[in-house]
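Below: the structure, in structure tokens.
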Amino acid sequence: MNDEQLRTAFAELRRVEAAHVPPWGAAALRGGRPRPYLRFAFALLLLIALAVVMIPRRPPQPALSAWRAPTDFLLQTPGRELLHSVPDLKGTRQ
């Protein structure tokens, strides 16, 4: 078979197949009612949107650097202010 015969054979095949294909858009306009799968897809999309809106939001978590140990009060011992200050020795001499 040469190229011209192949071109003719494919053209004939396209012509035969085109005779059985409905016009563009006819399939979409057929019936006028939405398909059941379209209704299902719309209902599923609506359900997902409602679920996203209804999910409770968590309050923001405090930073890890702001965490305080529950036993920190045990480190506050009596007289600890004496350990954090330097005594004034100049004022005591006369």
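The values are calculated or read from the model by the stated rules, or taken from the named source; none is laboratory data. Computed from a prediction, not measured in an experiment: that's the story for all the values here. Positions of Cβ are backbone-derived with ideal geometry, glycine not excepted, and every protein chain shown enters the neighbour counts.
Of 41, 51, all but one fail to be of a type in the set (Gly, Ala, Ser), at pLDDT 85 or above and surrounded by 10 or more Cβ atoms within 10 Å (Cβ to Cβ); the exception is 41.
Listed by first and then second residue, the pairs linking a residue in segment 1-25 that is assigned to a loop (DSSP other than H, G, I, E, B) to a residue that is loosely packed, with under 10 Cβ neighbours inside 10 Å and of a type in the set (A, V, I, L, M), with Cβ atoms under 8 Å apart and 6 or more places separating them unless they lie on different chains, form an empty list.
Of the residues examined, residue 81 is one that is assigned to a helix (DSSP H, G or I), more than 37 Å from the chain's Cα centre (by Cα) and modelled with pLDDT under 85.
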